[in-house]
Amino acid sequence: MKTIGVLTSGGDAPGMNAAIRAVVRTSIYNNVRILGIKQGYNGLIKGNIEEMNLSSVADIIHRGGTILRTARCEEFQTDEGIEKALNVIEVFNIDGLIILGGDGSFKGAKKLSEAGVPTIGVPCTIDNDMGYTDYTIGFFTAVETVVDAISKIRDTSSSHGRANIVEVMGRSCGDIALFAGLAGGAESIIVPEEAIDIDSVCRKVIKGRNRGKLHSIIALAEGVGNAYELAKEIEEKTGAETKVTILGHIQRGGTPTAFDRIIASKMGNKAVELLIEGKSGRAMGFKDNDIIDLDIDEALSQEKAFDREMYEVAKILSI
Ligand code: F6P
């Protein structure tokens, strides 16, 4: 393995920079040339590529976003797009690739490895929606951001005696809502994995009010539906003024938590070692407190399991 290419793809996630740093430094430590591919698969198709050195990744471990920039690339989903990427890989003498991203990006990694390019995927997405790994890089940073927001919204919720819906990201995965809802002490958590029971949400608002509780926080996963319609219904049924805060892209930024930096560093390091060992088509993950790697096909086929036990605990604690 003489030359490795690294790219970040899909939505950015805090901790991507820590992973890039680990990939670059481990490659250089092993006397492997390391190329940074800009703007995800777009850069691979267009040859937007630069050699990296130790200084290229100095002072980035604590930064959100990705110094390589990122993109969602439709062209790469076509046979022509793959063909163009394979040409660029040949022209730049790239012997192996490390792809940092979520499941869409992993599908691209799988195609490249099937086309004979040794490729390893490192899971980076705030959504934590990849079934084979307990946690993805970026998830806990997003959860911290949401918990911080909930605490702030709770102050104003109490001052006004309102109900406040806090809508969080996650696509069809409710993990950000679940984890942040539990940590933030939300009165209700609404996720796509569980049938929505608006009457139970309303009962919590009314019961809380009756025992003198001033605030009511409802953590809502974006995959469930329209937050404003929900607010209207809650307001009609409870008489409590109900406000909506859609946190949006604030959840994607910020300095990564120590946990995200640690798993990013370990996975980035291991991904390079796997390529040097001659492995391909592997997905890095974190399972039962350990860094793992498994076949990328198998990783993609594993369905994400919802932590029902945690959901039940959150329900009990918010009575
Ligand atoms: O996959 C990460 C994510 O932030 C999702 O939670 C969200 O639905 C989506 O990306 C937003 O994508 P974009 O930044 O392209 O609007």
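The values are calculated or read from the model by the stated rules, or taken from the named source; none is laboratory data. The model shown is predicted, which means the values in this text are computed figures rather than measured ones. Because the Cβ atoms are built from the backbone with ideal geometry, glycine has one as well, and the counts that use them run over all protein chains shown.
Brief remarks on what is shown
- The set of residues in the range 122-152 being surrounded by 21 or more Cβ atoms within 10 Å (Cβ to Cβ) and more than 18 Å from the chain's Cα centre (by Cα) consists of ILE150 alone.
- Of the criteria (1) away from the ligand (no atom under 16 Å from the Cβ); (2) within 23 Å of SER280 (Cα to Cα); (3) not in a loop (DSSP other than H, G, I, E, B), which one MET1 fails: (3)
- Flag if ALA219 is assigned to a strand (DSSP E or B) and either modelled with pLDDT of 95 or more or under 22 Å from GLY248 (Cβ atoms) (or both): yes
- Check on GLY278, of a type in the set (Gly, Ala, Ser), farther than 30 Å from LYS204 by Cβ and in a loop (DSSP other than H, G, I, E, B): yes
- Conditions (1) in a helix (DSSP H, G or I); (2) out of contact with any Cys (no Cβ under 9 Å at 6 or more places or on another chain): number failed by ILE234: (2)
- Among the residues making up the range 305-319, a single one is assigned to a loop (DSSP other than H, G, I, E, B) and acidic (Asp, Glu): ASP307.
- Within the range 238-260, being part of a loop (DSSP other than H, G, I, E, B) and touching a Gly at 6+ places or on another chain (Cβ under 9 Å) holds for ALA240, GLU241, GLY253, GLY254, THR255, PRO256, THR257.
- When we screen ILE250, ILE263 for residues that are in contact (Cβ under 8 Å) with a residue 12 or more places away in the chain and either more than 24 Å from VAL147 (Cα to Cα) or within 16 Å of the ligand (Cβ to nearest atom) (or both), the only hit is ILE250.
- Inside the range 20-52, residues that are within 16 Å of the ligand (Cβ to nearest atom), in contact with a helix residue (DSSP H, G or I) (Cβ under 7 Å, 6 or more places away or on another chain) and not hydroxyl-bearing (Ser, Thr, Tyr) make up a count of 0.
- Answer from LEU35, LEU100, LEU7, LEU54 - the residue that is surrounded by fewer than 24 Cβ atoms within 10 Å (Cβ to Cβ) and either without any contact (Cβ under 8 Å) to a residue 40 or more places away in the chain or under 22 Å from PHE286 (Cβ atoms) (or both): LEU54
- Check on GLY285, within 16 Å of the ligand (Cβ to nearest atom) and of a type in the set (Gly, Ala, Ser): no
- Elements of type helices (runs of 4 or more DSSP H) in the range 85-192, at least 2 residues being more than 27 Å from ASP293 (Cβ to Cβ) and more than 16 Å from the ligand (Cβ to nearest atom): 139-160, 175-183
- Residue list for the range 57-76, restricted to those being within 16 Å of the ligand (Cβ to nearest atom), buried (at least 21 other Cβ atoms within 10 Å of the Cβ) and in a loop (DSSP other than H, G, I, E, B): THR66, THR70, CYS73
- Enumeration of residues in the range 193-203 that are away from the ligand (no atom under 16 Å from the Cβ) and surrounded by fewer than 23 Cβ atoms within 10 Å (Cβ to Cβ): GLU194, ALA195, ILE196, ASP197, ILE198, ASP199, SER200, CYS202, ARG203
- Extreme residue, surrounded by the most Cβ atoms within 10 Å (Cβ to Cβ), among residues of the range 221-246 that are closer than 21 Å to SER159 by Cα and of a type in the set (S, T, N, Q): THR242
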